[in-house]
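Q: I have a structure here, written as structure tokens, and I will follow up with some questions on it.
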Amino acid sequence: MKGLIHALERGPVLVGIAGGWLVAPLILGTCYEVFSRYVLGRPTIWAFEAGTMLTGANFMLGMAYTLRERAHIRVEAIFDRLPARVRAAVDLFGYLFLAFPFVCWLSWALNNSWLRALKSGEHSGMSAYNMVLWPIRLVFFISFLMLALQMLAEIIKRAQVLFGGKA
């Protein structure tokens, strides 16, 4: 079972790390925009939109990794005081019947969305730069697909705890 969990978590970890590295071009682009706007007096047409897209990609690509690290915000005042099996049952119920079906449905819809944007050549309309939308929509699809894989790993871990094994 450990091998399956490790295989399911490999993609979310790699995607989460890649999302973290998007901060570097975001910082560089923002610094260049500030320099260009206030020192040279020539603002860019791309920095605002590129910054928005990079920030969104950074956030989305980190979702599954954050779930793996149990770093999402949750109310733990009562939850942490419950026995391990009860916590596992609550998590398992939430993943199986609430979150996992929704994330799978959303992944399917986002796959159709990025493919439609690619075929149509849809643009953002946010700025004069007017970026094509399929790359960011592809990032959203990949992010939710990785979240679904990580949730599947979490379901297996919680089932192990619930049925007497170790996570």
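Q: Roughly how far apart, in whole Å, are the Cα centres of the stretch 84-117 and the stretch 2-50?
A: Cα centroid to Cα centroid, the span is 26 Å.
Q: Let me ask you something else. For the stretch 131-147, in order, what is each residue's ³J(HN,Hα) by Karplus, 6.51 cos²θ - 1.76 cosθ + 1.60 with θ = phi - 60°, in whole Hz (x at glycine and Pro)?
A: Here the 3J(HN,Hα) series is 4, 6, 9, 4, x, 6, 5, 5, 4, 4, 4, 4, 4, 6, 5, 5, 5 Hz.
Q: Under a plain spin-label model, where a point goes 7 Å from the Cα along Cα-to-Cβ, how far apart in nm are Leu118 and Leu96?
A: Result for the modelled spin labels: 3.5 nm.
Q: How large is Rg/Rh for the chain, to two decimals, with Cα atoms and a Kirkwood Rh?
A: On the way: Rg = 19.8 Å, Rh = 18.1 Å.
Across the chain, the Cα-based Rg/Rh ratio is 1.09.
Q: Restrict the search to the stretch 97-167; then list the trypsin sites (Lys or Arg not before Pro) that DSSP places in a loop and that have at most 12 other Cβ atoms within 10 Å of their Cβ. Show your work: numbers first, answer last.
A: On the way: sites: Arg116, Lys119, Arg137, Lys157, Arg158, Lys166; in loops: Lys166.
Passing sites in the stretch 97-167 are Lys166.
Q: Per residue, how much accessible area does the stretch 1-125 show when a 1.4 Å probe rolls over the protein heavy atoms, in square angstrom?
A: Value for the stretch 1-125: 67 Å² per residue.
Q: Tell me, Kirkwood radius of the stretch 113-167 from alpha-carbon pair distances, in Å? Before the final figure, lay out the partial values.
A: Working: mean 1/r = 0.0735 Å⁻¹.
Taking the inverse mean of 1/r over all distinct Cα pairs, the stretch 113-167 comes out at 13.6 Å.
Q: Using a 1.4 Å probe over the heavy atoms of the protein chains, calculate the carbon and sulfur portion of the accessible area of the stretch 39-167 as a whole percent. Display every interim value, and only then the final one.
A: Working: 5340 of 7790 Å².
Here it works out to 69 percent.
The values are calculated or read from the model by the stated rules, or taken from the named source; none is laboratory data. This one's a predicted model, so the numbers in the text were calculated from it and none came from an experiment. Cβ sites come from the backbone with ideal geometry, for glycine too, and all protein chains shown count toward neighbours. To get the accessible areas, we keep the full protein, side chains included, count just its heavy atoms, and leave off ligands, DNA and RNA. Shrake-Rupley method; radii C 1.70, N 1.55, O 1.52, S 1.80 Å.
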